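Enquirer: Below is a structure I'd like to ask you about.
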Amino acid sequence: MTQTTTIEQLSPLFERDLPTAADITYIDALRNRWKKPAIRAGFFPLAGIVKVSDLPHKYVVHPLEYWHVERISMHELSRFAIPLEAREKLNRAYAAEMPVKWLLWAEQHVTPPQIEYRQETIYAEKKIRKLDPALIALLKGGDDIGIPYVVHCWLHT
């Protein structure tokens, strides 16, 4: 059985450095300012802040899983096969003038363990690599600092 990582498990991984009290106040003010527009756009808030200059970066979640995160631009959306629903959410955010500065593409790579059934014959299931992608938007929270929101995530096919 494959275990899928939830957004709740992913969100603490973005807390990379401890911000100062002034940073926290500013970030909280930005979160409060954009809370309702983010909900209307269909965004899901993640914890912490992201240093954009640190990307791409791999976030270890489980021995069998990891997330690989990289920056993308609006011009690259077709390369990443982003669903129409995600594009519509982004359009709602831009229409609400949310300060979406960066977009991140996250891939959760899952490798199921090999399964063996011991009877007269041993059957082995090949390891299959699947990925669960997610599109993450960062609201500008300073130079090279973003406040993360999940725009859309979908299961592998």
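Read the figures in this text as sums done on the coordinates, not as results from a lab. Fair warning: this is a prediction, and the values are worked out from it, not measured in the lab. When we count neighbours, we look across all protein chains shown, and the Cβ atoms used for this are built from the backbone with ideal geometry, even at glycine.
Enquirer: Sticking with the crude label model, points 7 Å out along Cα→Cβ, report the distance from Ile24 to Ser53 in nm, one decimal please.
Expert: According to this spin-label approximation, the distance is 2.4 nm.
Enquirer: Kindly rank 148-154, 50-56 from highest to lowest mean number of other beta carbons found within 10 Å of each residue.
Expert: Per-residue Cβ counts within 10 Å, averaged per peptide and sorted highest first, yield 148-154, 50-56.
Enquirer: Here's a follow-up. Within a Cβ distance under 15 Å of Ile82, other residues only, what is the Lys/Arg minus Asp/Glu net charge?
Expert: Once positives and negatives cancel, what remains is -1.
Enquirer: When the chain is fully extended, how far beyond the present Cα-Cα distance does Arg92 get from Asp143, taking 0.36 nm per residue of separation?
Expert: Between Arg92 and Asp143, full extension yields 15.9 nm more.
Enquirer: Order the peptides 94-105, 24-35 from the highest to the lowest mean number of other Cβ atoms within 10 Å of their residues.
Expert: Result, highest mean first: 94-105, 24-35.
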